1. For region 84-95, give me the residue count where each residue is in contact with a Phe, Trp or Tyr (Cβ under 8 Å, 6 or more places away or on another chain) and either open to solvent by less than 30 Å² (accessible area, probe 1.4 Å) or more than 18 Å from LEU143 (Cα to Cα) (or both).
2. Filter the strands (runs of 3 or more DSSP E) completely within region 1-54 down to those with at least 1 residues that are polar (S, T, N, Q) and under 19 Å from ILE99 (Cβ atoms).
3. Would it be correct to say that LEU187 is among the hydrophobic types (A, V, I, L, M, F, W, C), modelled with pLDDT under 95 and touching a helix residue (DSSP H, G or I) at 6+ places or on another chain (Cβ under 8 Å)?
4. Give me the pairs: first residue in region 152-169 and open to solvent by 10 Å² or more (accessible area, probe 1.4 Å) and hydroxyl-bearing (Ser, Thr, Tyr), second residue modelled with pLDDT under 95 and not in a helix (DSSP H, G or I), beta-carbon distance under 8 Å, and six or more apart or on different chains, which are they?
5. Considering ARG217, ARG228, which residue is among the basic types (Lys, Arg) and either touching a helix residue (DSSP H, G or I) at 6+ places or on another chain (Cβ under 8 Å) or modelled with pLDDT under 95 (or both)?
6. Can you go through VAL20, VAL9 and tell me which one is in contact with a Gly (Cβ under 9 Å, 6 or more places away or on another chain), in contact (Cβ under 8 Å) with a residue 40 or more places away in the chain and open to solvent by 10 Å² or more (accessible area, probe 1.4 Å)?
Amino acid sequence: MAPGLITVVGSANMDLVMSVPRFPRPGETLLGGKLSVVCGGKGANQAVALARLGANVEFIGCIGSGGFGNDVVSIMEKEGIILDNLKITKEALTGAVIIFVDPDGEHVMVPDYGANLKLAPDDIKERENEIRKSSLIMLQFELMEETNLTVVEIARKYGIPYMVNPAPLVYRGEDIIKGAEILTPNLAEAIELVGAELSLDFVGEDYSSLSIEDVYRLGEKLLDLGPRNVVITLGKNGSVFVSKSIRKHYGVFRVKQVDVTGAGDAFNAGLAYKLSLGDSIDSAIKFASAVAAIAVSRMGAQTSFPAIEEVKELINQPGSM
């Protein structure tokens with residue numbers, strides 16, 4: 001095992017981000033948009049965020065053989081990310097996501113996962129000898145479930161801890177979650193994973209009435225799925241950590257929110273970075289909160305991720321949290 005090597009197995013997309021004065025109505029042509037084209041995908045985002053923090057990181061995914069695929073490779077190479085096991089296919093275009101961002105930093109998105117769905121279990125098996133060198137593995141749900149499960153089987157075989165960020169929640173992934181070192185859903189994902197097994201006082205998709213005690217209960221129910229630890233991210237309300245012996249709520253660093261795209265990826269990268277150094281989960285969550293805070297104060301996903309010096313500066317500012 002190579003100490004400190006974090007392997008991110010996940011998606012790589014090109015994000016077409018349109019800043020708009022407001023979200024358009026059906027059939028409307030809304031003037032005033034401003035387009036940015038940036039590399040994205042939850043896997044690539046987390047790998048880039050880790051690299052910016054100074055981590056030793058390898059990315060394993062699948063991209064198309066031309067077009068956006070070349071751009072994705074170029075960007076990750078510039079960040080110093082190891083791409084020795086990246087799959088390149090002619091069978092599909094590189095994944096792409098169209099994202100609309102309003103002046104408050106809220107966003108809506110429509111993905112086409114394209115080549116990401118061409119990363120198959122056999123591709124993972126062929127890379128077993130490289131994956132086994134990892135000290136930590138990061139997974140998200142923008143790959144096929146059976147592909148992620150194959151990664152998990154390798155992690156279990158060699159005793160490698162792995163983090164599961166169940167986003168987007170296109171499948172429940174219970175066999176993937178079981179045995180994870182940390183499960184990191186946002187609040188909506190946590191509620192969906194728990195499903196009807198827990199009665200909570202909220203209506204529809206309005207979670208504003210949920211108390212921190214409710215979130216603790218959610219976390220405890222998620223532990224029944226088999227992860228060792230659960231961190232539920234709550235956006236502007238911070239995050240909650242739950243294990244078999246600990247329940248703790250963490251606040252946020254005070255910044256002006258510009259764009260929340262990639263905030264979860266920034267948080268997960270910060271968490272993984274600190275844990276790979278042997279830090280406590282408490283320290284890792286505080287650090288991850290600072291990484292995410294800087295990310296939401298800037299436009300875009302990968303373009304917003306901070307360097308380690310910026311994170312330290314924010315953490316050391318009096319009264320910043």
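1. Applying the first criterion (in contact with a Phe, Trp or Tyr (Cβ under 8 Å, 6 or more places away or on another chain)) to region 84-95 yields 86, 93-95.
Applying the additional criterion that residues be either open to solvent by less than 30 Å² (accessible area, probe 1.4 Å) or more than 18 Å from LEU143 (Cα to Cα) (or both) yields 86, 94-95.
Selection size over region 84-95: 3.
2. On the way: elements: 5-9, 13-19, 34-40.
In region 1-54, the matching strands (runs of 3 or more DSSP E) lie at 13-19, 34-40.
3. Values: among the hydrophobic types (A, V, I, L, M, F, W, C): yes; modelled with pLDDT under 95: yes; touching a helix residue (DSSP H, G or I) at 6+ places or on another chain (Cβ under 8 Å): yes.
For LEU187, the condition - among the hydrophobic types (A, V, I, L, M, F, W, C), modelled with pLDDT under 95 and touching a helix residue (DSSP H, G or I) at 6+ places or on another chain (Cβ under 8 Å) - is met.
4. Filtered contacts from region 152-169: TYR158/MET1.
5. Numbers: ARG228 fails: either touching a helix residue (DSSP H, G or I) at 6+ places or on another chain (Cβ under 8 Å) or modelled with pLDDT under 95 (or both).
Sole residue among the options that is among the basic types (Lys, Arg) and either touching a helix residue (DSSP H, G or I) at 6+ places or on another chain (Cβ under 8 Å) or modelled with pLDDT under 95 (or both): ARG217.
6. On the way: VAL9 fails: open to solvent by 10 Å² or more (accessible area, probe 1.4 Å).
On inspection, the qualifying residue turns out to be VAL20.
Yes or no, residue by residue, for (1) modelled with pLDDT under 95; (2) within 20 Å of PRO166 (Cα to Cα); (3) within 19 Å of the chain's Cα centre (by Cα):
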position: ASP84; (1), (2), (3): no, no, no
position: ASP102; (1), (2), (3): yes, no, no
position: LEU117; (1), (2), (3): no, yes, yes
position: ILE137; (1), (2), (3): no, yes, yes
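Per-residue answers, yes or no, for (1) under 22 Å from ALA190 (Cβ atoms); (2) touching a Cys at 6+ places or on another chain (Cβ under 6 Å); (3) surrounded by fewer than 17 Cβ atoms within 10 Å (Cβ to Cβ); (4) among the hydrophobic types (A, V, I, L, M, F, W, C):
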position	(1), (2), (3), (4)
ASP224	yes, no, yes, no
LEU234	yes, no, no, yes
ARG254	no, no, yes, no
ALA263	yes, no, no, yes
ILE281	yes, no, no, yes
SER297	no, no, no, no
GLY300	no, no, no, no
LYS312	no, no, yes, no
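The values are calculated or read from the model by the stated rules, or taken from the named source; none is laboratory data. These numbers were taken from a predicted model, which means no experiment stands behind them. Quick reminder, even Gly has a Cβ in these numbers, built from the backbone with ideal geometry, and neighbours come from all protein chains shown. Calculation scope for accessible area: heavy atoms of the full protein, side chains included, ligands and nucleic acids excluded. Shrake-Rupley method; radii C 1.70, N 1.55, O 1.52, S 1.80 Å.
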